[in-house]
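Engineer: Take a look at this one; I'll ask things after.
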Amino acid sequence: MKNIVVLVSGGGTNLQAILDEQNKGNIVGGKVSCVVSSNPTAYALQRAKDNNINTRVLPRKDFSNSTDYSKALLDILNEERADLVVLAGFMTILDEVLTNAYPYKIINVHPALIPSFCGEGYYGLKVHQAVLDYGVKVSGATIHFVNEKADAGAIIMQGVVDVKNDDTPQTLQRRIMENVEWKLLPKAISLFCQDKITIKDGKAYIVNN
């Protein structure tokens, strides 16, 4: 059984989706063993406690740079014996000291179809505003591994939704969360825990049953 450590900063809707699927028995071969927050007041911590999951807080503001923060976070991940690290609304850039320690073992969800609308500066509602400003007709979310570059790791899964004429960043965000993020993120986690994701030439492939 793999230990899954989830990193959060805010409300924890993606964390809730993971926990809901875990409680249904749909995450095979692993379980969320700890939730770590960069924000002491994140509601995600309450979601974890409601599910009897250990929580830890590591405030970003206590560290002067991302390297020191990543080193402290790495210590926690090692203490928790993390097999998989999941970024679920974690609003802190990780240094390569951490990504190098957990190659192809850190998963993130980005609310757009990488390689579009991604990279530094593209997060939260800013992503969806950029999508609407450009006028694309479909958007979605990407589940990917994390490396030292923002949103540049190997893609595991993607899902799409239509962009509607009357969409706002908020309505588009909600549609993508409900129809893509909350479905694919737990699915990707379960595939990882079953050793059904392989890496070849820097690309991720899902192993068929």
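The values are calculated or read from the model by the stated rules, or taken from the named source; none is laboratory data. None of the values given here were measured: they were computed from a predicted structure. Methodologically, a virtual Cβ is constructed for each residue, glycine included, from the backbone with ideal geometry; neighbour enumeration extends over all protein chains shown.
Engineer: Condition first: assigned to a helix (DSSP H, G or I), modelled with pLDDT of 95 or more and farther than 23 Å from residue 144 by Cβ. Now tell me which residues in the stretch 28-67 satisfy that.
Structural biologist: Hits for the stretch 28-67 are 43, 45, 46, 47, 48, 49, 50, 62.
Engineer: Select from the stretch 69-98 the residues that are crowded, with 21+ Cβ neighbours inside 10 Å and of a type in the set (Val, Ile, Thr) and write down the one among them that is nearest to residue 178 (Cα to Cα).
Structural biologist: This residue is 86.
Engineer: Can you pull out every residue in the stretch 1-27 that is closer than 26 Å to residue 92 by Cα and assigned to a helix (DSSP H, G or I)?
Structural biologist: 13, 14, 15, 16, 17, 18, 19, 20, 21, 22, listed by residue number.
Engineer: Being in a loop (DSSP other than H, G, I, E, B) and not aliphatic (A, V, I, L, M) is the filter here; which residues of the stretch 180-209 pass it?
Structural biologist: Within the stretch 180-209, 194, 195, 196, 201, 202, 208, 209 meet the criteria.
Engineer: Sticking with this structure for a sec: List pairs: first residue in the stretch 183-209 and at pLDDT below 95, second residue acidic (Asp, Glu) anywhere in the structure, Cβ distance under 9 angstrom, at least six positions apart or on different chains.
Structural biologist: 207/195
Engineer: Anything in the stretch 140-194 that is among the acidic types (Asp, Glu) and either crowded, with 16+ Cβ neighbours inside 10 Å or in contact with a helix residue (DSSP H, G or I) (Cβ under 7 Å, 6 or more places away or on another chain) (or both)? List them, or say none.
Structural biologist: Listed by number, the residues that qualify are 148, 151, 167, 181.
Engineer: Give the number of residues within the stretch 74-88 that are more than 16 Å from the chain's Cα centre (by Cα) and assigned to a helix (DSSP H, G or I).
Structural biologist: Of the residues in the stretch 74-88, 5 are more than 16 Å from the chain's Cα centre (by Cα) and assigned to a helix (DSSP H, G or I).
Engineer: Of all residues in the stretch 153-206, which are farther than 26 Å from residue 11 by Cβ and of a type outside the set (S, T, N, Q)?
Structural biologist: Once the filter is applied, which keeps residues that are farther than 26 Å from residue 11 by Cβ and of a type outside the set (S, T, N, Q), the stretch 153-206 yields 154, 195, 196, 197, 199, 200, 201, 202, 203, 204, 205, 206.
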